[in-house]
Every structure is written in structure tokens, then in C-alpha cells.
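Participant: Please find one structure pasted underneath; my questions will follow.
The values are calculated or read from the model by the stated rules, or taken from the named source; none is laboratory data. Quantities reported herein were computed from a predicted structural model and do not represent experimental measurements. We place every Cβ from the backbone using ideal geometry, glycine too, and count neighbours over all the protein chains shown.
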Amino acid sequence: MKPWATPVAEVLEHVDAGEKGLSASEAAARLDKHGPNKLPEAERRSTLMRFVVQFHNVLIYVLLGAALIKALMGHWIDTGVILAVVVLNAIIGFIQEGRAEAAMEAIRGMLAPRAAVLRDGKRVTVDGADLVPGDVVLLEAGDKVPADLRLFKARGLAAQEAILTGESVPVDKDTDPVEAGAALGDRASMLWSGTLVTQGAGRGLVVATGAGTEIGRIGGMLAGVEKLTTPLVAQMDRFARWLSLFILTAAALLFAFGVFIRGYPLEEAFMSVVAVAVSSIPEGLPAVLTITLALGVQAMARRNAIVRRLPAIETVGAVSVICTDKTGTLTRNEMTVALAETPSGRLEIAGEGYAPKGKITGEADPEALALAAALCNDAELHERDDGWMVEGDPMEGALLAFAGKALEDDPLDAWDRVDAIPFDSRHRYMATLHERDGARRVHVKGAPERVLGMCAHLPDGSTFTPEDWHERADAMAAEGTRVLALAVMEADTLEAEALDGGLTFLGLVGLIDPPRPEAIKAVAECRGAGIGVKMITGDHAGTARAIAAQVGLEHAGEVLTGADLEEMDDTRLAQVVRDVDVFARTTPEHKLRLVKALQSHGMTVAMTGDGVNDAPALKRADVGIAMGQKGSEAAKEASELVLADDNFASIAAAVREGRTVYDNIRKVIGWTLPTNAGESSAIIIAILIGVALPITALQVLWVNMITSVTLGIALAFEPTEKATMERPPRERGASLLSGALLWHVVLVGGLYAAAMFGIFNWGIGQGYSVEHAQTLAMNTLVMLKIFYLFHIRNLHGTGLGWDALRATRAVWVTVAVALSAQAVLTYVPLLQLAFGTQPMAALDMAVILALGAVFMVLIEIERQLRRTVTETG
């Protein structure tokens, strides 16, 4: 049964209840049958299990194995560093585990704690959890609706349903059935659990509680939505598996080759293979990636974008389409009078929010219209430190702001209210009787389709023709405004019967929830960055179309409604979703379907929202972005990003920072893997060709430890490169471990080996001892790593320009630390004895610098050649 489409008598019969409510004994029996009016709690893992599962990762296993090997070798510093990385990652994952359940907790908190009901024909107050189907709930302005209710009495009743529908103004309610297929926002005979009664009073029959309510259904959807992993997490997991297999296989083959083919002593072969394996494992990579992401968190926080999950940062930079709610996201969530049509002409009203300040342009005199707007009104405006606020209905607040712009004096100082007919959804108008200096006047405002039929005259005394003004009202509605009609009548008393056919028509006013000026700029910036923007709202199609045009959406003219989506299967929806940017009168299921349809095209989808109705789509999207100020807790808990200022413009800033973070992650990986391969390349080649090692295994381990914890970290602090927001989004399946990166692993490894073998042989040719020549090779390795650091800093530019040399403080500090460590190892006698090093002369250092410069030029030439081939190919 669909209670909104069923007459009250049939609903009462269906739930076996009456208008005087249930007896206490019947209510208790139903509570045992249906259970409490609460959402079910999800089963949770224990705290210990949540922590243990953080270690269930292939790369973590590899790191733990490396730590064990280094501990067996007595390298306690290396062991400590690796274990610290493992524990740090586990702690971060542990803290962030279990966020999905928090979204359910936030929704549970939205249910009303207490409710006034009829039990045994008497009014009593019960705990909201004790409500059962068949209960009769009594409601008045300010009450939170405790369950899904079918109204059977309503007087001037309206409810704020933005958390479910996204509509920015309260919805009028009545008791008449509506169409069975009506959208959620059009089911005027229903009140929904968790929404707020803004005016009037009424009685409703409980037809659903707990998980059976609309908000409970959304909670169930949220619990069942699959949370997608981020591209970074997925790629690093695959990388860890293949890297582990490759390193272990290569190490075993190299050990066997060295012992059985080249005849190396068992201990020397084992030490060399361990050095190769450990230096090949990027044990510092997880720590540097974590630091890079953490710095991105700080940068985004400065732009009012709060990141709730670290890996989401790089996903923000990959966003190719943003699905945004309208109310409060693209718009201000504040009503304002934007235009008016009077018998004397059209008026354009400027100004923002509820401030009674702004210019009115047009040929007509707005005074009579403004007076009616101010007097036929129950709201109040108050100026506070953070701006003008409305107490009461937002539309009435907008009318007061309009009156303040048009009138010099406050009419309430001169006019005294004598009587009033409050707004009622049955007659759809409000009327007031005011007196000034003995003269009395009635002012009326309401729905055009009702008030226009009550008018007989124009202000000049001529006959009023309703048909013409119905067309104007429709035209104003097509511009995305909510239209009200205002009229006046001279009368001593206020009688509803006397109003019909006795009013003088004053004009129509059009109210809008205006777009944020900064949102218009942000949409343009996103489009310039190749990011599509789609509006998905519960509001009416005309309003959505008008706002879409104002903010600059690409396909603003075409609108698909929830009813249209219902007629499409998933295949058809996937076909049209790319070419439509505006979706109106949608439900949570529609939002989920739209996100999935976009993802089916390989798009990385961000979803913004603030209501409970947005939570499932926020969770399913690659990046869920919730509003921090006006957003519900459910939306925040289901999201990865929270906008502290509720400003759509902050999304563009977050995308820019996300792209910067991703670039820096690429730089970290692009520096770590080739240099790690370069560290071990000389040893591998020496074993394969059967020559003396140009660098000892112990020296390789030293270089690996010193440079991994210094140079790589510097790349996490790199600033945003030029034209970052002029590049299109990267493909969803784009790999961090690209063919170009693998080629650089081979290229850099070969150049490192050539340089180390070259300077080793040069040293031997100079008459140096083997220890002295190996010292040259070790310091050459460090110098090449430093030069490669400057090269990799500019992914999209050149490494030979001034910008490349004008490095950040982090680069210079880490370079200084690495060089200082090398100087200590090379010149301190105790370390010379431990690592087999010898002091170097000035000529030695000059040759090393020259090799570094040649290396820098060679890899820069290779990069430019590769770009040229790519651009011309």
C-alpha cells in the first residue's frame, strides 16, 4: 500500500487503528511485534581485530621480512626505521577504520527523542522509540517528525524536508491523497521521519517506523553501498604483490648464479644478494607517501576542504565529473525576491540574502506591492554579526527584505494588525486586516492560481483579467522562481467569503534561491580543467534549469526528472548521462544510479551534498564531498571531504591541491624506484659478469638508508606546477607505474651502473686502492641521486631551467643532510674502518660532480626527445 495515494479511511483500516489512537495494551503488543522505532545497528569488529587487519597487506609483509633480515644482520637502525613505517601505517588505518558505521549513527541521531500521541483517547508524551504503526501523533510548529505519518488532519501545516528532497523552502501539507507515482517531494499527504514542522498543526497516523521509514530506507541503502577503493590504494596493492614476487625470484636466481656459476663464497654471495634485495625494496615509500598525503591534508584545510581519509586526496585530483546538489551548494539556501510583475510594468530587484538593501529597477512604483509584502507577513528580520537572518518562513523573510528595499519607513510602525487568516494549504492564501488612522485595509498573498481568481479590479479601477496574469505567472515560474500573488481590499472586517471577487490585484513576485557568485566562477574553472559539472537535485525542473543556466552548466537547457529516470533501465541511463547536466525531482536511488552510470564510463566521480538523502551517493562516489556548515552528520560521515565554508569554489581549490598531491606522489615514486634500482644495479652486473664489486653491499645499505629517509621526503613539499588546472583529468585507469616509469628504472639503473663502474675503473687507473675506488663509486651514487632529485621535481617542465634550480627549502635541507652524512662516512676514521672508505681529494670530488652534470644532461635530453615523439606521434 502507498499511504500517500490512499484515502485516510483505507489507511486506518489497513493498520487496524482509529483517529483516537491505540490503547496502551495494543501499543505494547505492537511494539513487541514491530520492534522499537530505531534503526538497526551494524555488527562491529573488535578493537583488536580492527588493529590487526591493518597489517594484512603484501607490502607490509615484504617490509616485515626486510626488517627481519636486517635485524639478523645486526642493522638495528634500518630495522627500527622499517618497523616505524609499518606501525605508523597501521595506526593511521586503525584510526580511520569503521567510518561507514558512523554514518548510520548520524542518521539514528536524527530520529525524534519524544513524541505526543493519543493513547486510550488521551494525549500522552512517549519516547520516540516506543512509537508503533497505528499510533496517532499530534504535531505543531517546531516539532521533529518522529516516524513516517499519513496526515488526516492539517491546518496551515508545512514541513522542512531539505534533508530528504533538497528543496530549500518548506512544503505545504494537506490530507488529500496524491498520485501513486508522485515524487517524494510531492507527497503532500505524508510527513517523513526526521523532518521538521515549520508552521501549522496537524495529526498523523504512523504508517512506518525504524528501518521501514524513508530515512531508515536510506540508511539501509547506505549500509549496502559498496565503497570503492581509491586508485592509489589499488595500484600500490598490485605493485606490492608483483614487486615482492619479482624481488624474491630475482634474489634467489642471483644467489644461485653467484654461488654455483661464479663461485662466490656463500657468505659473500648471501650478503650481496641481501643488499640487492633490501635496496630494491622501497621501504621508505609508504612513509613518504603518508607524509605527502598528510601535507596535502594541511594544504586543503587551508582552502577550507577537510579531508577525512588520506588516500582520498589523490582521488580528488583525478575527478572528471562533479555531481552536485543545488540547494546550499550551488545556491545560497536563502530565498530572495528577484523580480516582480505589476500592472504598471516589470521590476528587477537586486541584493543578496535577507538584507533589506538593494536596488529596484523598472518603470513601476513598487510601494503598494511592498506594503502588502510587509503587512501580510508573520516573519521577522534580525541583523546579526554574520548578516541578516530570518525568524519564520524563508519566503516571508524574502518579502520583508523586498519591502525594506522599496519603503523608506517600516510600515509596521504605522499599521496595527487587527485580524488575520493564516495560510492554509486548503485555501492557499494568507490575509491580514490592518488599521491606520481609523482606516482599515486587507492584504492578501498566496498561490497565483488561487489569488488571481479572487481579484476583480486593477489599481486604476479597470477590470482584472486573470487569464493574462496566469500566463505571466507561468512565464515567471519558467525562469526558475517561486511565484506569489499579492492583492488588497478596503474593508472594515476580515471575512473569507468577502474576499472572493472583491480584491484589487497588485502584482506577482518571483522568489529564487540565488546561486553563489563564487560557485559560478568555480564551475567555469572546473570546466576549464576538463571537469564536468552535473546538478542532481530534488527541486522542480524549472527551478533547476534556471539555476543551471545561471551557474553556467554546459547542457543547462535539457532536464531529466526522476520520473524520466524511472522509465530508463541502467543501459539507457548510461547512454544519456554524459549529455545531460541537470537532473530534477530525484530520489536517493536516482542519485546512486547516476553515480554508477557515470562510473561505468570510466569517470572518477565526486558527489557533493548536505542532506541525509545524499549520503548513499556520497559513499558510492569516488569522492564524497559534504557541506560542513549546513550539511547533516550523515552526509559528513559518508564523505571523504567536508567543505568547512559550504562553498562550491572550495572544490576547485581542492581539485588543484589534489592534482598537486598526485604529481608529488608521482615524483616520489618516480624518484624512489629508479634510484633504488640504480643502487643495486652495479652489484647485480658485477655478479653477472664476474668482476670486482665497484661498491660493497654494506655501502649500498648505507646509501639506501641515508637517502631514503632524506632526499625522497623533499619531494612531498613540492609546490603546484604551472598550468596544473589547464590539464584534463587523468584517466581513471591511469597507472602510477607507467611504461615510462619502468623505462626510467632501466635507464637510470644502467646510467648509475655505468657511472659507478666508470669512476671505479678510473680510480684504479689512478693507482687508488680498491677501498678508495669503492668510496668514489659510493659517493658518485649519492651525487647521482641528488641530480636525479632536481630532474624529477619538474614533471611537466624542464630540469635545466632556473625554476628547477630554485628549489624549495626542503630540497636544500635534505641535500645538506645527505652530503653531511656522506662526509662523515668518508672522513671519520671510525666509520672508515666500519665501511671500508677512504678520504677523497679535490680532483675526486670534481670528477664526481662532472659525472653528475653529464647524467643530468643525458636524462633531460631523453625526456625532451620522449615528449617530442609523443606530441608528434
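Participant: Within region 734-761, which residues are within 32 Å of the chain's Cα centre (by Cα) and among the polar types (S, T, N, Q)?
Facilitator: SER735, SER738
Yes/no per residue for (1) in a loop (DSSP other than H, G, I, E, B); (2) at pLDDT 90 or above; (3) of a type in the set (D, E, K, R):
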{"site": "ILE306", "(1), (2), (3)": "no, no, no"}
{"site": "GLY328", "(1), (2), (3)": "yes, no, no"}
{"site": "ALA340", "(1), (2), (3)": "no, yes, no"}
{"site": "GLY351", "(1), (2), (3)": "yes, no, no"}
{"site": "TYR354", "(1), (2), (3)": "yes, yes, no"}
{"site": "ALA370", "(1), (2), (3)": "no, yes, no"}
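Participant: For region 511-530, indicate whether the set of residues that are more than 24 Å from the chain's Cα centre (by Cα), of a type outside the set (Phe, Trp, Tyr) and within 30 Å of ALA431 (Cβ to Cβ) is non-empty.
Facilitator: There is at least one residue in region 511-530 that is more than 24 Å from the chain's Cα centre (by Cα), of a type outside the set (Phe, Trp, Tyr) and within 30 Å of ALA431 (Cβ to Cβ).
Participant: Between GLY296, GLY317, which is in the same structural domain as VAL668 (by TED's automatic domain parsing), surrounded by 23 or more Cβ atoms within 10 Å (Cβ to Cβ) and not aromatic (Phe, Trp, Tyr)?
Facilitator: Sole residue among the options that is in the same structural domain as VAL668 (by TED's automatic domain parsing), surrounded by 23 or more Cβ atoms within 10 Å (Cβ to Cβ) and not aromatic (Phe, Trp, Tyr): GLY296.
Participant: Right, next: Consider ASP492 carefully, then state whether it is more than 17 Å from ARG450 (Cβ to Cβ), without any contact (Cβ under 8 Å) to a residue 60 or more places away in the chain and either assigned by TED's automatic domain parsing to the domain that holds ALA368 or buried (at least 21 other Cβ atoms within 10 Å of the Cβ) (or both).
Facilitator: Here the answer is yes, as ASP492 does meet what is asked.
Participant: Using the structure shown, decide if MET603 is on the phi < 0 side of the Ramachandran plot, surrounded by fewer than 19 Cβ atoms within 10 Å (Cβ to Cβ) and modelled with pLDDT of 90 or more. Walk me through it before giving the result.
Facilitator: Numbers: on the phi < 0 side of the Ramachandran plot: yes; surrounded by fewer than 19 Cβ atoms within 10 Å (Cβ to Cβ): no; modelled with pLDDT of 90 or more: yes.
Against the criterion (on the phi < 0 side of the Ramachandran plot, surrounded by fewer than 19 Cβ atoms within 10 Å (Cβ to Cβ) and modelled with pLDDT of 90 or more), MET603 does not qualify.
Participant: Quick one: which of ILE689, ILE695 is surrounded by 19 or more Cβ atoms within 10 Å (Cβ to Cβ) and of a type outside the set (Asp, Glu)?
Facilitator: Of the residues listed, the single one that is surrounded by 19 or more Cβ atoms within 10 Å (Cβ to Cβ) and of a type outside the set (Asp, Glu) is ILE695.
Participant: Separate question: Quick check: is even one residue across region 826-840 more than 25 Å from PRO719 (Cβ to Cβ), exposed (fewer than 12 other Cβ atoms within 10 Å of the Cβ) and of a type in the set (A, V, I, L, M, F, W, C)?
Facilitator: First, pick out the residues of region 826-840 that are more than 25 Å from PRO719 (Cβ to Cβ): 826-840.
Subsequent filtering for residues that are exposed (fewer than 12 other Cβ atoms within 10 Å of the Cβ) retains 829-830, 833.
Restricting the remaining residues to those that are of a type in the set (A, V, I, L, M, F, W, C) gives 830, 833.
So far as region 826-840 goes, yes, one or more of its residues are more than 25 Å from PRO719 (Cβ to Cβ), exposed (fewer than 12 other Cβ atoms within 10 Å of the Cβ) and of a type in the set (A, V, I, L, M, F, W, C).
Participant: State yes or no: is GLY670 touching a His at 6+ places or on another chain (Cβ under 8 Å), assigned to a helix (DSSP H, G or I) and at pLDDT 85 or above?
Facilitator: For GLY670, the condition - touching a His at 6+ places or on another chain (Cβ under 8 Å), assigned to a helix (DSSP H, G or I) and at pLDDT 85 or above - is met.
Participant: If you check GLY453 against the conditions, is it in contact with a Lys or Arg (Cβ under 9 Å, 6 or more places away or on another chain), in a helix (DSSP H, G or I), over 15 Å from PRO343 (Cα atoms) and of a type outside the set (A, V, I, L, M, F, W, C)?
Facilitator: In short, no.
Participant: Then there is this: Among all residue pairs at least 6 apart or on different chains, which show Cβ distances below 9 Å where the first residue, located in region 193-204, is in the same structural domain as VAL145 (by TED's automatic domain parsing) and the second is of a type in the set (Phe, Trp, Tyr)?
Facilitator: Pairs that qualify, where the first residue is in the same structural domain as VAL145 (by TED's automatic domain parsing) and the partner is of a type in the set (Phe, Trp, Tyr), are GLN199/PHE423; GLY200/PHE423; GLY202/PHE152; ARG203/PHE152; GLY204/PHE152.
Participant: May I ask you to list the residues in region 11-54 that are modelled with pLDDT of 75 or more and under 34 Å from the mean Cα position of the chain (by Cα)? Walk me through how you get there before you give the answer.
Facilitator: Filtering region 11-54 down to residues modelled with pLDDT of 75 or more leaves 11-38, 48-49, 51-52.
Within region 11-54, PRO36, ASN37, LYS38, LEU48, MET49, PHE51, VAL52 meet the criteria.
Participant: Condition first: among the small types (Gly, Ala, Ser), more than 26 Å from LEU747 (Cβ to Cβ) and not in a helix (DSSP H, G or I). Can you find one or more residues in region 819-837 that meet it?
Facilitator: yes
Participant: Hey, any hits in region 521-534 for a residue that's crowded, with 24+ Cβ neighbours inside 10 Å and part of a strand (DSSP E or B)?
Facilitator: The answer is yes; a qualifying residue exists.
Participant: Filter region 548-590 down to the residues that are among the aliphatic types (A, V, I, L, M) and in a helix (DSSP H, G or I) and list them by number.
Facilitator: Of everything in region 548-590, those that are among the aliphatic types (A, V, I, L, M) and in a helix (DSSP H, G or I) turn out to be ALA548, ALA549, VAL551, ALA563, LEU565, LEU573, ALA574, VAL576, VAL577.
Participant: Another question about this same structure. Say we look at region 443-468 and pick out the residues that are in contact (Cβ under 8 Å) with a residue 60 or more places away in the chain and within 28 Å of PRO394 (Cβ to Cβ); which of these is surrounded by the fewest Cβ atoms within 10 Å (Cβ to Cβ)? Give the derivation first.
Facilitator: Initially, region 443-468 is screened for residues in contact (Cβ under 8 Å) with a residue 60 or more places away in the chain, giving 443-445, 448, 458-460.
Still in the running and within 28 Å of PRO394 (Cβ to Cβ): 443-445, 448.
Details: HIS443: 25, VAL444: 26, LYS445: 24, PRO448: 21.
Of everything passing the filter in region 443-468, PRO448 is surrounded by the fewest Cβ atoms within 10 Å (Cβ to Cβ).
Participant: Could you run through region 393-433 and say how many residues are assigned to a helix (DSSP H, G or I), more than 29 Å from LEU151 (Cβ to Cβ) and touching a residue at least 40 places away in the same chain (Cβ under 8 Å)?
Facilitator: The qualifying residues number 8.
Participant: I've got another one for you. In region 457-493, how many are modelled with pLDDT of 90 or more, part of a strand (DSSP E or B) and either under 23 Å from LEU375 (Cα atoms) or among the charged types (D, E, K, R) (or both)?
Facilitator: Qualifying residue count for the region: 9.
Participant: Can you give me the number of residues within region 535-547 that are within 19 Å of ASN333 (Cβ to Cβ), among the aliphatic types (A, V, I, L, M) and in a helix (DSSP H, G or I)?
Facilitator: Of the residues in region 535-547, 3 are within 19 Å of ASN333 (Cβ to Cβ), among the aliphatic types (A, V, I, L, M) and in a helix (DSSP H, G or I).
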